[in-house]
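A.B. asks: Sharing a structure with you now.
The values are calculated or read from the model by the stated rules, or taken from the named source; none is laboratory data. A quick note: this is a predicted structure, and the numbers were derived from the prediction, not measured. We place every Cβ from the backbone using ideal geometry, glycine too, and count neighbours over all the protein chains shown.
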Amino acid sequence: MDNNDNNNINKTDTDSNESGLAFTEATESREFLKRILNEKQTALGQLNPKSAPLERAKLQLEIAEIMLDIAENGMPEAAWGLAKEAFNLFMGADEIEAAVNALDCLYRTELPSAVVALGHAMWLSVTYPIDTELSILMMKNLIDDTPAKSDGAAVAAVTAHYLAELRLEGEKRDSVMFLTTNLIAQVAERHSNVSDQGQLNFWMDKLELNDPQLFLPKLAQVIDAIVAENWWFDKDELRAKLPVN
């Protein structure tokens, strides 16, 4: 047996060991998540009708998130029910950012109404001054969920950039806007094969992406198409609660 044979045997043994280790780590991680899930479910079961609604909502969302991580049969459906109720409780308490997190959980179930949840999350993310990076994540979810040639993805990308520019300051603003600039470039490339700044400028002018007075109404149209009149809250009522009003 020559050195090459020995090297191949050693490499095979190493690969096998690494594969076994990864499998063991994955199994241990799943068992850990199941233990946490059991603890959270026990805590939820110990709540009574007089317990604070937000305490219940937070536990329900935590359980739903763990179920999505474990991803066993039936868990996405169970997670949907928990996260939807948590969303309703958060909205009832005007906890908008927490409600958007619940909507993101609903979206990640990948069930038939998941995209409707995303539409709600996008509307709240633009309408309310919640965490900017969470808002941008909602825009990116739409980008990832739409065809390459979709104008909706372009509108979502430029909205993400606009939110970063509007809501952030200092180094955080610079770093996030660097990422959203790259996001716009990626969407432009897949949408129209844009490859340089001149083409990008032309593309943005053509799609009316330079003026929020033009692209935000387009985003509203995209969201309306996604939700398709299946709104889970009264938009006018929520607008009336904004600080500007």
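A.B. asks: Test of understanding: among Thr180, Thr159, which residue is polar (S, T, N, Q) and either in contact (Cβ under 8 Å) with a residue 60 or more places away in the chain or assigned by TED's automatic domain parsing to the domain that holds Gly81 (or both)? Reasoning before the result, please.
C.D. replies: On the way: Thr180 fails: either in contact (Cβ under 8 Å) with a residue 60 or more places away in the chain or assigned by TED's automatic domain parsing to the domain that holds Gly81 (or both).
So the residue among Thr180, Thr159 that is polar (S, T, N, Q) and either in contact (Cβ under 8 Å) with a residue 60 or more places away in the chain or assigned by TED's automatic domain parsing to the domain that holds Gly81 (or both) is Thr159.
A.B. asks: Can you pull out every residue in region 77-87 that is under 28 Å from Thr127 (Cβ atoms), touching a residue at least 24 places away in the same chain (Cβ under 8 Å) and surrounded by fewer than 19 Cβ atoms within 10 Å (Cβ to Cβ)?
C.D. replies: Listed by number, the list holds a single entry, Glu85.
Let's see how each residue does on (1) touching a helix residue (DSSP H, G or I) at 6+ places or on another chain (Cβ under 9 Å); (2) among the hydrophobic types (A, V, I, L, M, F, W, C); (3) modelled with pLDDT of 95 or more:
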site	(1), (2), (3)
Thr181	yes, no, yes
Leu207	yes, yes, yes
Asn210	yes, no, yes
Leu214	no, yes, yes
Leu219	yes, yes, yes
Val244	no, yes, no
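A.B. asks: For Glu171, state whether it is in contact with a helix residue (DSSP H, G or I) (Cβ under 9 Å, 6 or more places away or on another chain) and acidic (Asp, Glu). It would help to see each step written out before you state the result.
C.D. replies: Details: in contact with a helix residue (DSSP H, G or I) (Cβ under 9 Å, 6 or more places away or on another chain): no; acidic (Asp, Glu): yes.
No; evaluated as a whole, the condition is false for this residue.
A.B. asks: Something else about it: Looking for whichever is basic (Lys, Arg), at pLDDT 95 or above and within 24 Å of Trp232 (Cβ to Cβ) here; the options are Lys40, Lys58. Which one fits? I'd like the intermediate steps shown before the answer.
C.D. replies: Details: Lys40 fails: within 24 Å of Trp232 (Cβ to Cβ).
On inspection, the qualifying residue turns out to be Lys58.
A.B. asks: Residues that are out of contact with any Asp or Glu (no Cβ under 8 Å at 6 or more places or on another chain) and among the aliphatic types (A, V, I, L, M): find the helices (runs of 4 or more DSSP H) completely inside region 91-207 holding 3 or more of those.
C.D. replies: Numbers: elements: 96-108, 114-127, 132-144, 151-167, 170-192, 197-206.
Hits in region 91-207: 96-108, 114-127, 132-144, 151-167, 170-192.
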